[in-house]
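The values are calculated or read from the model by the stated rules, or taken from the named source; none is laboratory data. It should be emphasised that the depicted structure is a prediction, and the values quoted were computed from it without experimental measurement. A quick note on method: Cβ atoms are made from the backbone with ideal geometry, for glycine too, and the neighbour counts reach across all protein chains shown.
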Amino acid sequence: MPQQVRGVVARSKGAPVEVTTVVVPDPGPGEALVGIKACGVCHTDLHYREGAITPDFPFLLGHEAAGVVEAVGPEVTGLEPGDFVVLAWRAPCGRCRSCRRGRPWYCFDSKNATQKMTLEDGTELTPAIGIGAFAEACVVAADQAVKVDPAARPEAAGLVGCGIMAGFGAAVNTGQVRRGDTVAVFGCGGVGDAAIAGAAIAGARRIIAVDLDPRKLEWAKGFGATDVIDASVDNPVTVIRELTDGFGADVTIEAVGRPEVFKQAFLARDHAGTMVQVGVPDPEMRIDVRMLDFFGRGGQLKPSWYGDCLPSRDFPMLIDLYLRGKLDLDRFVSETITLDQVEEAFAKMQRGEVLRSVVVL
């Protein structure tokens, strides 16, 4: 039977979000109803509120979440009520060309729930990235609910569902950082710091953090940065070359999503080095790179989609690293808040005051 819950909705472009009643249906075939325990406030939610993703208002925001399965629909196997799960915004379909070629992290037909969450008047809500977890419960495709060790704190575990996976995967999966590599990470927010942590776990010998905010650079040191560059003071390309004997970094990771930062990361890599783009750009942004620079430097330029992850494989692995004390997810949680404080959390995020505000339900 459908239930009414409190949820955070963005009704129109740029307008403050509001907490209102959301009607959550029973799960349909291949779907699961998940009671949300915690959900991180991610930049992507703000992009939705600003209309920078799609114009399909109203949105039910929230996607970086952990919770407990309350019910499953027909045809669901491997998942049952009581399971502790982290939600994935991409669940490989198993049928598309990429999945059939053994590259499910490039799946372009990700599974999502068909049952629609609505407002009380029947208005259909567009769930942010196919989830909509700023609510007391939500319906998702069962494959989006990935079982993990219930010993993990929900506030920390939920972050694996987006920002942590994107950054960690950008370093480990996409960038393929190896023992002894030098790595430069541009942007030390949640995604960038997760990339730093991933590079450290992978065995990078030098990890250079770049940001405009001295406070964020201090945070980066806690995740494994060996050197920091304040880009408001120094040219990061010049300093990175100085720190790497004139060569540049083996792997550079752009975690901001801006053309000027892209160019810095492109120029700061070693000859035949790898540059990874994981920062989410505005749809109107463009890059301008000389073709001779592109041709002459060799190497690889690699966009990283969700850290090129396979959620069923990578989420439990990250939680295991957390529980073993190898990956400090708790350090990413700047504060815990209620649903009523999401709009305030957006403002703090824009001011650079937090790594992650996490809604706890």
Condition check for HIS63: at pLDDT below 95, under 26 Å from GLU335 (Cβ atoms) and within 22 Å of the chain's Cα centre (by Cα): no
Members of segment 50-66 found to be buried (at least 19 other Cβ atoms within 10 Å of the Cβ) and either aromatic (Phe, Trp, Tyr) or touching a Pro at 6+ places or on another chain (Cβ under 7 Å) (or both), listed by number: PHE59, LEU60, ALA66
The one condition in (1) within 18 Å of the chain's Cα centre (by Cα); (2) closer than 20 Å to LEU46 by Cα that LEU125 fails to fulfil: (1)
Any hit, segment 162-173, residues being surrounded by 22 or more Cβ atoms within 10 Å (Cβ to Cβ) and under 18 Å from VAL68 (Cα atoms): yes
Lone qualifier among ASP250, ASP213 - being farther than 23 Å from MET317 by Cα, surrounded by fewer than 22 Cβ atoms within 10 Å (Cβ to Cβ) and not hydroxyl-bearing (Ser, Thr, Tyr): ASP213
Some residue of segment 338-352 being surrounded by fewer than 15 Cβ atoms within 10 Å (Cβ to Cβ), at pLDDT 95 or above and assigned to a loop (DSSP other than H, G, I, E, B): yes
Selection status of THR114, among the polar types (S, T, N, Q), in contact with an Asp or Glu (Cβ under 6 Å, 6 or more places away or on another chain) and farther than 24 Å from ALA202 by Cα: no
Residues located in segment 237-261, provided they are within 25 Å of the chain's Cα centre (by Cα) and within 22 Å of ASP181 (Cβ to Cβ): ALA249, ASP250, VAL251, THR252, ILE253, GLU254, ALA255, VAL256, VAL261
Matching residues in segment 141-164 - criterion: being under 19 Å from ILE337 (Cα atoms) and out of contact with any helix residue (DSSP H, G or I) (no Cβ under 9 Å at 6 or more places or on another chain): PRO154, GLY158
Residues that are surrounded by fewer than 19 Cβ atoms within 10 Å (Cβ to Cβ) and hydrophobic (A, V, I, L, M, F, W, C), drawn from segment 67-90: VAL68, ALA71, LEU79
Checking ARG290 against (1) surrounded by fewer than 24 Cβ atoms within 10 Å (Cβ to Cβ); (2) at pLDDT 95 or above; (3) among the basic types (Lys, Arg), the condition it does not meet: (2)
HIS47 under 24 Å from TYR106 (Cα atoms), under 20 Å from the mean Cα position of the chain (by Cα), touching a residue at least 12 places away in the same chain (Cβ under 8 Å) and surrounded by fewer than 19 Cβ atoms within 10 Å (Cβ to Cβ): yes
Close pairs (6 angstrom Cβ cut-off, 6 or more residues apart or separate chains): in contact (Cβ under 8 Å) with a residue 24 or more places away in the chain in segment 92-106, among the small types (Gly, Ala, Ser) anywhere: TYR106/SER98
Complete set of residues in segment 70-107 that are out of contact with any Phe, Trp or Tyr (no Cβ under 8 Å at 6 or more places or on another chain) and within 15 Å of GLY35 (Cα to Cα): GLU70, ALA71, VAL72, GLY73, LEU79, GLU80, PRO81, GLY82, ASP83, PHE84, VAL85, LEU87
Helices (runs of 4 or more DSSP H) wholly inside segment 85-202 containing at least 2 residues that are among the aliphatic types (A, V, I, L, M): 154-157, 163-169, 190-202
Hits in segment 78-128 - residues which are polar (S, T, N, Q) and either touching a helix residue (DSSP H, G or I) at 6+ places or on another chain (Cβ under 8 Å) or outside the structural domain of ARG153 (by TED's automatic domain parsing) (or both): SER98, SER110, ASN112
